[in-house]
1. Can N119 be described as surrounded by 24 or more Cβ atoms within 10 Å (Cβ to Cβ), farther than 22 Å from A465 by Cβ and out of contact with any Asp or Glu (no Cβ under 6 Å at 6 or more places or on another chain)?
2. Listed residues T169, T217; which is over 14 Å from the mean Cα position of the chain (by Cα) and either within 16 Å of the ligand (Cβ to nearest atom) or closer than 30 Å to Y600 by Cα (or both)?
3. Can you run down the residue pairs with Cβ atoms below 8 Å, 6 or more apart or on separate chains, where the first is in the range 221-235 and over 14 Å from E184 (Cβ atoms) and the partner is of a type in the set (D, E, K, R) and more than 11 Å from the ligand (Cβ to nearest atom)?
4. Within the range 102-123, how many residues turn out to be within 15 Å of the ligand (Cβ to nearest atom) and farther than 23 Å from A138 by Cα?
5. In the range 413-437, what residues are over 20 Å from V491 (Cα atoms) and not in a loop (DSSP other than H, G, I, E, B)?
6. Answer yes or no as to whether E66 is under 15 Å from G158 (Cβ atoms) and among the acidic types (D, E).
7. So which residues in the range 236-260 are under 11 Å from M286 (Cβ atoms), in a loop (DSSP other than H, G, I, E, B) and in contact (Cβ under 8 Å) with a residue 60 or more places away in the chain, if there are any at all?
8. For the condition farther than 17 Å from G45 by Cα and surrounded by 21 or more Cβ atoms within 10 Å (Cβ to Cβ), what is the one hit in M261, M284?
Amino acid sequence: MEQKIEALLSEMTLDEKIGQMCQVDPGVFGTEEEVIEAVRKGQLGSLLNLIGAGKVNEIQRIAVEESRLGIPLIIGRDVIHGYRTIFPIPLGMAASWNEDLIREAASIAAKEAASEGINWTFAPMIDVSRDPRWGRIAESGGEDPLLNAMIARAMVQGFQGDDLANPLTIAACAKHYIGYGAAEGGRDYNTTMIPDIELYNVYLPPYRAAVNAGVATVMTAFNEINGIPASGHQRNVRGILKKDLGFDGFVVSDWASIQEMIDHGFAADEKHAAQLGIAAGVDMEMSSRTYANHLKALVEEGKVKMEWIDDAVRRILRVKFRLGLFDNPYVDESLADSVLVNPRHLEVARKLAEESIVLLKNKNELLPLKKGTKVALIGPMADQPYEQLGTWIFDGNENDSKSVLDAFYEYNGANNTFFAEGLAYTRDKSTKGFRAVERAIAQADVVVAVVGEEAILSGEAKSLAELDFVGAQNQLLELAASKGKPLIMVVMSGRPGGLYKTRHLADAILYAWHPGTMAGPAIVNLIFGEAVPSAKLPVTFPKGEGQVPIYYAHKMSGRPADSTSWTYIDDIPVKAVQHSLGNTNHTLDYGFKPLYPFGYGLSYTTFEYSDISLSAKTIQIGDVIKVSATITNTGKREGTEIVQLYVRDLVGSYTRPVRELKDFKRITLKPGESERVTFELNSSQLGFYHPNGRYVIEPGDFHVWIAPNAADGLMGKFRLE
Ligand code: BGC
């Protein structure tokens, strides 16, 4: 393949090389004739947002048969959490902690997308996200580097399979490199300040995992980092990603992010932006045209090295060769019919939705309900076939969706379901629908309130300043709770929020994120016990926006807060135990604990953790230590528990987090059954990166936990020598 690339490269003119480095959306670029003409002249290497097997084949035929060198186009599209069959939003998928199922979902998305002519998806998004105000937290794997790395691996493998040349696989794109999730104030596109020690230890690990999994492409981000835009960051792209991590695919800019370096105040004009982009190592420019308009002159003026251009083109051709596009550029136009939303895909979507919905509260074991229970189904998200799909679903179709109402009618019967949404949409402030809600509740034994936020309230540029439920939803929940009937709250949302002021109203809470096409059946199966919740939070649940950022892997500080220094009532500090002890790292209104910790989630059964043991008290660098505990199902149902392994390095040459997730395992236990769970922790997992990017393993004392979430668990100690 490398020989073929060299042979082709040697035949290419500079114009043709630059053409390969340009990607446009045909609808934005110009008329159909203009697009065809540019493809014919070899001025475009890629199109995004062109779908339909027939249309793609038509334009591909022009590239292959009518351009001078016949280089095929690569067709890109945002296939983020499903193509037609929509899976839970990525944050929801992350809550499943189920690598196999996430991989399967990505492979289904790839098949569906490929059947419509797509070769390349702009996913997975693996930006560590610690701010629920940021709308794009919905698209991420949450706050933890290890969990995001797992998702990176699962999705890259799922999209790309074993062989990219297989017509049912597509190239993946790890994005947005890098640090996009750290936007100040959670406002999208905003400035980030990320010290190198954070860059290496928190933001980079998912990208390392994506590269190790063979990701074909990487997208540079919109944000600036420490004063340099991510799309013009030579050290980060050309240095860390390409050289240090050994990434051999190509780098694409985000939409116009090369040109936007002018707005950042980093580039003087378009020409300068092009120069900065290529110098940084961005191989393909998405949408803006600075490469098309200026690279040639920049090369001729000696401002851009020819070897940078050649490197970019080699990388782009390499991915096209890997995709098998030179041998088989066309898509089989008969595929889509049998592939799109077939029953097996819907089955996986339902299962993943069930596994992504987190049970946060279940007072007096209210859930599961018995089939046939008379239920008042209320709330503005109860019958929203489109909104339940969540953000970034270009090709999702609400007609495929089953809403919660549909599923209640189907499973529990229309006679047992009294529906009144109460609010027309989540931001609705009018209470005129509340009378109907009262009538529905009067006829029922239990209330199920489906609240939250529509798809449009999370995702790109959809940041929020406040995390409480919008509109009159709090009043609706208060009304529902006041009727003396058990209240089950189901929340559909792109972010963790809404519960601080409402959780006391509900007897049970299912946090559903945006569950996708099969939201209804998944939620109904959980409510009636056809499925048992197993999901765990992929992100710390803050009390409110004023507590953000809050994440489990925080540093200790010199004045750590804990319950011995103050008297806490309901997590709120009310009185210092002793004046001098009271000056700790908390706020007077929210205390120091989040609403729910990372990794938290309940089941319809209970699990007891006991007897932690370690295979050694002391290990040497190079050794493996085994950490074991017994997990017992102490409840009355079979259930799955996600058992988590955390570590703390007590003293470091740089301070280390109070806990770091190192591994996890899913175990399924029958009532009364126990399992001895053993984790093998290699000393190589105990190190961290210094700000210069060097990985160091420092001898010393470690704590280790086998835990049901980041705040609890059994602790052991060992020493690394
Ligand atoms: C987003 C990317 C996306 C691209 C193409 C941008 O606005 O930030 O995530 O892949 O558009 O649609």
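Just so it is clear, none of the values below were taken in a lab; they were calculated from the coordinates. The structure displayed is predicted, hence computed values, not measured ones. Virtual Cβ from ideal backbone geometry, glycine too; neighbours counted across all protein chains shown.
1. Against the criterion (surrounded by 24 or more Cβ atoms within 10 Å (Cβ to Cβ), farther than 22 Å from A465 by Cβ and out of contact with any Asp or Glu (no Cβ under 6 Å at 6 or more places or on another chain)), N119 qualifies.
2. The conditions single out T217.
3. Cβ pairs passing all conditions: A230/E224.
4. Matching residues across the range 102-123 total 2.
5. Once the filter is applied, which keeps residues that are over 20 Å from V491 (Cα atoms) and not in a loop (DSSP other than H, G, I, E, B), the range 413-437 yields A414, N415, N416, R435, A436.
6. No: the conditions fail for E66.
7. Across the range 236-260, the qualifying residue is only D254.
8. M261
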